[in-house]
Each structure stands twice: as C-alpha cells, then as structure tokens.
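Below is one structure, written out as structure tokens, with a few remarks after it.
The values are calculated or read from the model by the stated rules, or taken from the named source; none is laboratory data. Predicted model, so just to flag it, every value in this text is computed and none were measured. Here the Cβ is made from the backbone with ideal geometry for all residues, glycine too, and neighbour counts use every protein chain on show. Just the protein is used for accessible areas: all its heavy atoms, side chains included, with ligands, DNA and RNA removed. Shrake-Rupley method; radii C 1.70, N 1.55, O 1.52, S 1.80 Å.
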Amino acid sequence: MGQSEKKSLKIRRYRDTDFDALVALWKNLGMLAWYNDPTRDIGLWQASKDAQILIGEVDGALAASVCVGHDGHRGWFYYLAVAEDHQRKGFGRLLVDASEAWLKARKVAKVQLMIRPGNHKAHSFYEAIGYEINPCSLRQKWLIDRGEPPADANLHDRIEVTITYLEMTERKVASLQTPHLTGHRLGLLRAERPTLSFYRFLYNTVGRDWLWYERRRMSDDALRDIIENDLVEVFVLYAEGVPAGFFELDARKPGTVDLALLGVMPEFIGRRFGPFLLHSAVDRAWEKQPEKVTVNTCTLDHPKALPLYQKVGFVPVSRKTIQIDDPRENGLIPY
C-alpha cells in the first residue's frame, strides 16, 4: 500500500463516546473471551495515570485501537486491533510505534505482550517488527469471580491449527550443506534408549512455547514403547555441555523415515541451531536409505519452520485444518 494510506490513520486518545464502536471492533475481531469485561477493562485504563487507550481513526470513524500501559518496570500492550477492511495498510505498525513512543516518554525500558496461541496473525506481525519470544514462563491467578460462562461457551479455548505434510523423495544437495556454527562448543549425540525423565525434559522444555501436547498426555508405557524402539532415534545437541535442542527420527514405517520432532531449547533460539539440527537430521535420515523422508509442521510452530523445511528440499504434499483444545486451559501445559 502507498505511504498516503498509512498517513490516513489519525491516532488520538480514547473518548467516552468511542465506547460502543471500540467494543464492537473487539467483538468483530473475536478478541473478547467469555470472561472479558470490556467495561471493566476500559474503566481501569481510563482511571490509571500509567495507561492510555489509543484510537486509530480513518475518515472520522474508529478503525483501530491499542491499550498501552506500564507497571513501573515494564510496558504492556493489549487489544491491538485493526478493522478487517483496514488491515495490511501499516496501521498496526503505526499504533505500535505510537505506543512505544508513549512508553519511551515515561522512561520505560522494555515492553512485552501476551498473544493467545491461536492468534497466528499476531504472532507473525510482532515477529516481523522485532518482538522476540520471551523464554520466561507466565503464571496467573484470578482475583475476582469471573462469573459463570454462557451455555454455549467453550471452557477450553479451541485453537484452529493447519498442518502441512511434507516429504522428500530424493536426497537434495542442500541437505549436505550443514551450516557452520562458530563460537560454540557443540556436540550432537544419540540418546541410546533415553530415560523417560530425560525425554520428557527435552520434549516439555522445547515444546512448551509451541504447545506440543501429544506426548505430555501419553502414559509412561505408551511413550516408552516409542522411544525405546530400535527404529526410533533421538539425537541431542549440546552447547558447552548443556542440552540445546534435539531431533527424533522414526523409521517404523517401511520405506519411510519420519522427522517426528525437532526443536531448540528456548534459551538457544536465534543462534542458528535449528538449521543445524535440521540439516543433521536430514543427513542421518538418508543414511538409512529410505524411499522418502517425511515431516509435518503446523501453524503453532515457529513461522520460519515451513520455509526452512522447503529450503532443504521438502515438498508439501497435503494440508488439513483441525481444532484442538488449548492445552494450557486443560492443564496439559502450564501457563
């Protein structure tokens, strides 16, 4: 879109007369869960000297919003919203810039936010403008009575997930070009018949932020049947002696090696360990001389996962979209 369209957004402070249009915007975008009370939220922000609701106006009509504030140490964003017919015009970035300027004027050094796992647009948007994943865990406790949910409320938030299935039917040259990492003392070792406690540590830690839940709900016996099978291999990457990531290859299906899992510990994200593990996994898979190597990724994974798989030679063969219960709401993954 042209620069003139970006300039057509007028950003101003919230007024009481904006209430109905603002709540309608949030509802239309599906931003209000059954326990959200916009009247309470808006009232609290309006009453606080450390918070501000910013409104984006187009031709005099409310088209966007963001709520910004700070707790004396960190800044926070809430309800960054742009009406559907005004999206992809740079308006979201303009509101973020205005919010960051508001915080900088108050000498707040850091800003952070929370994104529901099913909000893939938000994850991609914030990553594109430089917001990193915070490796800290988030915990919560309700201090008010949320009331009873309506009869049609989904008590466990449903997340729409699109899964892409990929395969490689011949070894690609790219798979031989393993990235060269400098400045790290690395070791890639196979975990021979890993203990359940060590495997769950790897799986739970790597997969926490990406909502890996399937093996969290497996019984010990069911999980042991997988990881102790001679046709399943788990390789762990160590950096300076510390586990930094792992991958798992599953050759139980004749003629196929499936890259079942691959991930990096939160503290090591951003050091190119992911590409290193992927190239190593592909090379190891082809050493088994299968007819094909397969992998799947989904919209809960890192946004760079799918293009990275394609870069090393995997080709998408099918997709499907499903809905899952939020594994944090049902207790499988802690907040």
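The alpha carbons of region 9-78 occupy a box of 36, 30, 18 Å along the principal axes, longest dimension given first.
List the pairs from LYS27/LYS49; LYS49/LYS107; LYS27/LYS110 whose alpha-carbon separation is above 23 Å, in the order I gave them.
LYS27/LYS49; LYS27/LYS110
Karplus-based coupling profile of region 122-129, in residue order and whole Hz: 5, 4, 5, 4, 5, 4, 5, 9, with θ = phi - 60° in 6.51 cos²θ - 1.76 cosθ + 1.60 and x standing for Gly or Pro.
Spin-label model, LYS110/LEU189: points 7 Å from Cα along the beta carbon direction are separated by 3.3 nm.
Taking amide H as placed 1.01 Å from N in the peptide plane, LEU80 has its amide H under 5 Å from the amide H of CYS67, each at least 5 places away in sequence or on another chain. Given a 1.4 Å probe and the protein chains as shown, MET31 ends up with an accessible area of around 40 Å².
For the chain, find the longest principal axis of its Cα atoms and tell me its angle to the long axis of helix 38-47, 0 to 90°, nearest 10. Value to nearest ten degrees: 70. Taking all Cα-Cα distances within region 279-326, those exceeding 12 Å account for 69%. Comparing THR162, THR39, THR195 in a Gaussian network model of the chain, where Cα atoms under 10 Å apart are tied by springs, the biggest mean-square fluctuation is seen for THR39.
Note on LYS104: aspartates and glutamates with a C-alpha under 20 Å away, same-chain residues under 8 apart excluded, are ASP50, ASP71, GLU132.
In plain terms, the C-alpha convex hull of region 179-335 casts an average shadow of 9.8 nm² when viewed from every direction.
Principal-axis analysis of the Cα atoms of the chain puts helix 196-207 at an angle of about 40° to the longest axis.
The order of LEU62, LEU44, LEU186, LEU25 by accessible area, most exposed first and with a 1.4 Å probe, is LEU44, LEU186, LEU62, LEU25.
For region 234-249, the Karplus equation 6.51 cos²θ - 1.76 cosθ + 1.60, evaluated at θ = phi - 60°, returns couplings of 10, 10, 10, 8, 10, 10, 6, x, 10, x, 10, x, 7, 9, 10, 10 Hz by residue, with Gly and Pro reported as x. Across region 211-335, Cα pairs under 8 Å and at least six residues apart give a relative contact order of 20 percent. Applying a DSSP loop filter and a limit of 14 other Cβ atoms within 10 Å to the trypsin sites (Lys or Arg not before Pro) in region 19-83 leaves LYS49, ARG74. For ARG40 and LYS121, a Förster radius of 25 Å and the Cβ-Cβ distance give a FRET efficiency of 0.45, rounded to the nearest 0.05.
In region 1-127, the convex hull through the Cα atoms has an average projected area of 8.1 nm², a quarter of its surface area.
Which one, ALA24, PHE273, SER318, is farthest towards the positive end of the dipole of the chain when Lys and Arg carry +1 and Asp and Glu -1 on their Cβ? Final value for the positive-end residue is PHE273.
Computed on region 1-126, with alpha-carbon pairs under 8 angstrom and 6+ residues apart, the relative contact order is 24 percent.
Comparing mean-square fluctuations of SER219, SER99, SER124 from a GNM of the chain with C-alpha springs under 10 Å, the top value falls on SER219.
Taking LEU95, LEU223, LEU211 as the candidate residues, the one with maximal mean-square fluctuation in a Gaussian network model of the chain, Cα springs under 10 Å, is LEU223. Computed per residue of the chain from DSSP H runs no shorter than four, each worth -39500 (n - 2.57), the mean residue ellipticity at 222 nm is -8000 deg cm²/dmol. On a per residue basis, region 1-95 carries 55 Å² of accessible surface, using protein heavy atoms and a 1.4 Å probe. For region 190-233, the list of trypsin sites (Lys or Arg not before Pro) that fall in a loop by DSSP and count at most 12 other C-beta atoms within 10 angstrom reads ARG217.
The chain: longest stretch without exposed GluC sites (Glu not before Pro) (DSSP loop, at most 14 other Cβ within 10 Å), sites themselves excluded? Formally, the longest exposed-site-free interval is 1-131.
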